[in-house]
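Remarks on the structure that follows.
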Amino acid sequence: MRTKWKEQAAGYLFIAPLLIIFAVFLAYSFLFLIKTSFFYEDISFRNAEYIGLDNYRQVLGDNRFLFSIVNTLAFSAAAILISITVGFITAVFLNFKFKGSRFIGALFFIPSFMPLALIAMVFSMMLEYRFGTLNQALSSIGLDFLAQRWLSDPQLAFVSVISISIFLIGLPMMYYNADLTTVNPSLLEAAVIDGASMPRILWNILFPLLKNAHKTIILSTILGSFREFERVFLLTQGGPAGTTENTSVYIYSFARSAGSNIGFVSAASVVVLLIAFGISLIQLFVYKPKRERRKAA
């Protein structure tokens with residue numbers, strides 16, 4: 001027991017400096033946001049006026065803010081769906097180790113390690129209406145009628161922004177690859193001997209066995225969606241008509257607007273933080289083992 005305590009104490013000592021720095025910055029950020037959210041003040045932070053909960057009333061009464069939350073959750077749901085379908089199937093097939101599988105896997109991994117701003121800029125040029133690569137390629141093969149205003153049409157802009165998630169399945173694939181190494185090969189061999197088809201092996205055997213990877217992907221994608229900024233801002237800046245605006249772009253646009261009330265921006269940030277915190281708590285509770293959940297109840 002004493003040896004175990006010593007081992008744990010040594011571990012805490014090693015990470016203590018990083019924990020202290022992390023806690024100081026986090027604590028300062030939270031306190032700053034909460035404090036300024038109760039004031040009316042401009043970017044100079046002078047002559048602040050205490051206005052109580054008025055900023056929160058304005059934020060929660062703003063339909064544009066509520067719509068940005070819906071957009072954020074919709075982006076998150078679409079990204080999760082793409083990750084646990086396209087990412088899952090691609091990771092399983094590349095795990096068969098056929099000739100060229102490593103090269104193909106690298107092609108999927110590379111975009112996930114590139115700056116998101118760079119990827120957004122590339123797609124912004126590709127999806128441009130008049131000189132974009134996609135429309136020019138369609139025109140060159142006689143499919144001019146399929147050329148669209150991908151980023152300026154309200155009905156297409158949302159799908160265009162979401163579709164980039166297909167090129168970002170590298171990280172989900174990495175989680176699935178790690179989890180696939182824990183699967184007992186004898187289970188798959190038994191399924192093949194029993195005559196199970198590939199779809200049944202994928203859906204009834206492998207998909208449930210990789211539940212830890214599913215949990216990691218869902219949690220990281222939802223929380224990451226509240227920090228998503230570059231993709232939406234560089235592609236559409238939240239337009240057209242706010243159809244693609246998420247919470248990050250909403251907060252940024254208000255912070256940069258002339259005569260902006262920083263208290264309003266802070267109140268919006270606090271609301272978004274509370275939503276993300278609530279989702280994290282719900283997921284942690286849901287993903288707890290049933291035995292621990294019964295004890296908690």
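Structure notes:
- Ranked order, LEU18, LEU206, LEU143 - accessible area, probe 1.4 Å, largest first: LEU18, LEU143, LEU206
- Computed with a 1.4 Å probe over protein heavy atoms only, the accessible surface of segment 26-141 comes to 64 Å² per residue.
- Surface share of carbon and sulfur [accessible, 1.4 angstrom probe, percent] for segment 1-136: 72 percent
- Taking segment 82-225 and dividing mean pair separation by its residue count, relative contact order in percent (alpha carbons under 8 Å, at least six apart): 31 percent
- Surface share of carbon and sulfur [accessible, 1.4 angstrom probe, percent] for segment 160-216: 67 percent
- Charged side chains reduced to their Cβ positions (Lys and Arg at +1, Asp and Glu at -1) give segment 82-208 a dipole of some 200 debye around its Cα centre.
- Burial ranking of peptide ranges 128-134, 179-185, 157-163 (average Cβ count within 10 Å, highest at the top): 157-163, 128-134, 179-185
- Solvent-accessible area per residue in segment 185-238 equals 57 Å², computed with a 1.4 angstrom probe and all protein chains kept.
The values are calculated or read from the model by the stated rules, or taken from the named source; none is laboratory data. Predicted model only: the values in this text are computed from it and were never measured. Note that we place each Cβ from the backbone using ideal geometry, even for glycine, and neighbour counts take in every protein chain shown. SASA here: full protein model, heavy atoms, side chains in, ligands and nucleic acids out. Shrake-Rupley method; radii C 1.70, N 1.55, O 1.52, S 1.80 Å.
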